[in-house]
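Have a look at the structure below before the remarks.
The values are calculated or read from the model by the stated rules, or taken from the named source; none is laboratory data. This one's a predicted model, so the numbers in the text were calculated from it and none came from an experiment. Note: ideal-geometry Cβ built from the backbone for every residue, glycine included; neighbour counts use all protein chains shown.
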């Protein structure tokens, strides 16, 4: 199993360092490839900067899929691994598994579990092309962002409707890529990946936790413990 992480910008460095430590701790036999990039040299007019950044990230994911064979796990840089990821591949028999979540936005693309093949590589080529098509169409992009929270997720969802491209399966976010809708379903025994975004990210970088006993505080305390063990000197914002 290979684990692939792409990031650019020093703001993500504390999260990448904690992620790398967590991977080594829970997936010691995995080959980990962390790509520190300079970022895009282009931008799309009329849309948020995040659309450009996520488009570039997807293009780098495509490059990694073209480079590596076998079982791949692609993780966003702002995640933390809390258990072995290899068992995920026993839970689906398709080419790719993505994580689904409750609520308005149906999926999160921050963790992908892949059995690589030429079909998967062709799928990523199609994903990049569709993503760029959406990013350059301002009205379409804005409409899809409202429903999917990100251009990568919108284009992935649209592409997955064509069942002929690859065989795609789903995994539950609460175990394999826990996001804000599932943080409070966290299980010390079962949850393998937590996505450190939004208010959880802010709480991780804050000087003090709120001490309210909530799930966000609980997860932030886990992240801070890993950061201390990894020797990560994270900044306060």
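See the values below:
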read-out: Residues located in the range 80-100, provided they are over 20 Å from residue 55 (Cβ atoms) and surrounded by 19 or more Cβ atoms within 10 Å (Cβ to Cβ); value: 80, 81, 82, 83, 85, 88, 97, 99
read-out: Test result for residue 222, surrounded by 15 or more Cβ atoms within 10 Å (Cβ to Cβ) and under 29 Å from residue 115 (Cβ atoms); value: no
read-out: Of all residues making up the range 13-42, the number that are in contact with a strand residue (DSSP E or B) (Cβ under 7 Å, 6 or more places away or on another chain) and part of a loop (DSSP other than H, G, I, E, B); value: 3
read-out: Residue match in the range 28-39 (condition: surrounded by 18 or more Cβ atoms within 10 Å (Cβ to Cβ) and touching a residue at least 60 places away in the same chain (Cβ under 8 Å)); value: no
read-out: Residues (within 19 Å of the chain's Cα centre (by Cα), outside any strand (DSSP E or B) and closer than 25 Å to residue 51 by Cβ) located in the range 162-176; value: 173
read-out: Elements of type strands (runs of 3 or more DSSP E) contained in the range 77-117, each with 2 or more residues being closer than 18 Å to residue 34 by Cβ, at pLDDT 95 or above and touching a helix residue (DSSP H, G or I) at 6+ places or on another chain (Cβ under 7 Å); value: 79-81, 107-115
read-out: Single match in 69, 45 (criterion: more than 19 Å from residue 173 (Cβ to Cβ), in contact (Cβ under 8 Å) with a residue 24 or more places away in the chain, in contact with a strand residue (DSSP E or B) (Cβ under 9 Å, 6 or more places away or on another chain) and in a loop (DSSP other than H, G, I, E, B)); value: 69
read-out: Flag if residue 159 is touching a helix residue (DSSP H, G or I) at 6+ places or on another chain (Cβ under 6 Å), assigned to a loop (DSSP other than H, G, I, E, B) and farther than 23 Å from residue 14 by Cβ; value: no
read-out: Top-ranked residue of the range 129-156 - restricted to ones that are modelled with pLDDT under 85 and not in a helix (DSSP H, G or I), ranked as surrounded by the most Cβ atoms within 10 Å (Cβ to Cβ); value: 150
read-out: Residue among 103, 110 that alone is under 14 Å from the mean Cα position of the chain (by Cα) and under 30 Å from residue 185 (Cα atoms); value: 110
read-out: Selection from the range 177-228 of residues that are part of a helix (DSSP H, G or I), under 17 Å from residue 22 (Cα atoms), out of contact with any helix residue (DSSP H, G or I) (no Cβ under 6 Å at 6 or more places or on another chain) and in contact (Cβ under 8 Å) with a residue 60 or more places away in the chain; value: 201, 222
